[in-house]
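Written out below as structure tokens is the structure these notes cover.
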Amino acid sequence: MPAEQLKLLFTEEEIRGQVAKLAQEINRDYQGQYPLLLGILKGSFVFMADLIRLLEVPVEIDFVTLASYGSARVTSGKIRVVKGLRSAVKGRDVLVIEDIVDTGLTVGYFMDYLRRKKPSSLKLCALFDKPSRREVPVDIDYRGFILPDKFAVGYGLDFNERFRHLPELYVIED
Ligand code: IMP
């Protein structure tokens, strides 16, 4: 197995703290509601699992898989929904849960796709954000960490399907 150089960026404890802060904001804003949390696979599954256990509002959970028509590292901007929604979106308070917003193309596309389904409200929660790489504007309603322009792994994020299991967040050093 090639040994990439990983540099620790955020510890397990730092991530836990930020997830708790996001959960608090969601608990405050969705009081009395029954939001539909939509996770984008695969990266968001770790974040989703930790986040929902800190929520005090009842939630419904669903996941979608999106795929880019481009190569793995270069997003083409044309994205298709590979595994679609099972839940009805119309009239629901929908909160999209994303691991990382990079160029913004993936989540930007998905938010437009959902908007056409007429949810009652639509918001985005992203644990990690790389604003320096943005190609399309994306409003992040609940944001965890801002990252430098480096490839990040751990806490659900992979590099060629590796490193998702790491409890901390690392960046790959060139
Ligand atoms: P986009 O460029 O915002 O469309 O990001 C598309 C997807 O690329 C994200 O949902 C992640 O799955 C993946 N991605 C972007 N940056 C990173 C990174 O630093 N590490 C791991 N995956 C990433």
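The values are calculated or read from the model by the stated rules, or taken from the named source; none is laboratory data. Bear in mind the structure is a predicted one, so any value in this text is a computation, not a measurement. Here the Cβ positions follow ideal geometry from the backbone for every residue, glycine too, while neighbour counts run over all protein chains shown.
The figures follow:
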| quantity | calculated |
| --- | --- |
| Hits in region 76-131 (condition: modelled with pLDDT of 95 or more and hydroxyl-bearing (Ser, Thr, Tyr)) | Ser120, Ser121 |
| Residue that is farthest from Ile172 (Cα to Cα), among those in region 113-140 that are acidic (Asp, Glu) and within 13 Å of the ligand (Cβ to nearest atom) | Glu135 |
| Residues that are within 11 Å of the ligand (Cβ to nearest atom) and either surrounded by fewer than 20 Cβ atoms within 10 Å (Cβ to Cβ) or β-branched (Val, Ile, Thr) (or both), drawn from region 141-160 | Pro148, Asp149, Lys150, Phe151, Val153, Asp158, Phe159, Asn160 |
| Top-ranked residue in region 20-62 [being within 16 Å of the ligand (Cβ to nearest atom) and part of a loop (DSSP other than H, G, I, E, B); ranked as surrounded by the fewest Cβ atoms within 10 Å (Cβ to Cβ)] | Lys42 |
| Selection count where residues are over 11 Å from Leu38 (Cα atoms) and either part of a helix (DSSP H, G or I) or within 15 Å of the ligand (Cβ to nearest atom) (or both), scope region 89-110 | 11 |
| Whichever residue in region 111-126 is assigned to a helix (DSSP H, G or I) and free of Cβ contacts under 8 Å to residues at least 12 places away in the same chain and, among such residues, is farthest from Ile26 (Cα to Cα) | Asp112 |
| Residue tally, condition in a loop (DSSP other than H, G, I, E, B) and either more than 17 Å from the chain's Cα centre (by Cα) or closer than 20 Å to Ser132 by Cα (or both), over region 145-157 | 5 |
| Neighbours by Cβ (under 6 Å, 6+ apart or cross-chain): first from region 88-108, touching a residue at least 60 places away in the same chain (Cβ under 8 Å) and at negative phi; second not in a strand (DSSP E or B) and not β-branched (Val, Ile, Thr) | Asp93/Gln33; Asp93/Pro35; Asp93/Ser120; Leu95/Pro35; Ile97/Ser44; Ile97/Met48 |
| Among (1) over 26 Å from Pro167 (Cα atoms); (2) assigned to a loop (DSSP other than H, G, I, E, B); (3) more than 11 Å from the ligand (Cβ to nearest atom) - the single one Val81 does not satisfy | (2) |
| Counted residues, region 161-174 - those being of a type outside the set (Lys, Arg), part of a strand (DSSP E or B) and more than 9 Å from the ligand (Cβ to nearest atom) | 3 |
